[in-house]
């Protein structure tokens, strides 16, 4: 498949395709005599896997490690596979959700308290926004 066909089939643009290739996420394709890139059919699957992993919060470096682990199954070690990485990512997401819950509750309280500006609110002992280091 040519670059444009692979990109269209995977739902990415050509710049993304080339970037992933430069990053080593995709193997360098063969070329025609005219110099056009020709990708194997499984390049579309690889691109879809990359995009799905990104939507789950994995960085490109993490995706690269996961792809490398899958390609070289004999190098798998403790903590290298998808199960371990997914558990780690899930713990990160759950921690962020907990932080966001606290932030949302604090903002709701600030709205309910009628806080108009940060400086006035910081000087009010009933302010729901935590200003421990600057409150009088």
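Computed from the coordinates by the stated procedures, all read-outs in this text should not be read as laboratory data. Just so it is clear, the structure is predicted and the values come from calculations on it, not from any experiment. As a convention, Cβ positions derive from the backbone with ideal geometry for all residues, glycine included, and neighbour counts pool all protein chains shown.
Selection over segment 2-17 of residues that are in contact with a helix residue (DSSP H, G or I) (Cβ under 8 Å, 6 or more places away or on another chain) and either over 15 Å from residue 49 (Cα atoms) or not in a helix (DSSP H, G or I) (or both) gives a count of 6.
Scanning segment 27-52 for residues that are more than 18 Å from the chain's Cα centre (by Cα) and either part of a strand (DSSP E or B) or closer than 16 Å to residue 68 by Cα (or both) returns 27, 28, 30, 31, 37, 38, 42, 43, 45.
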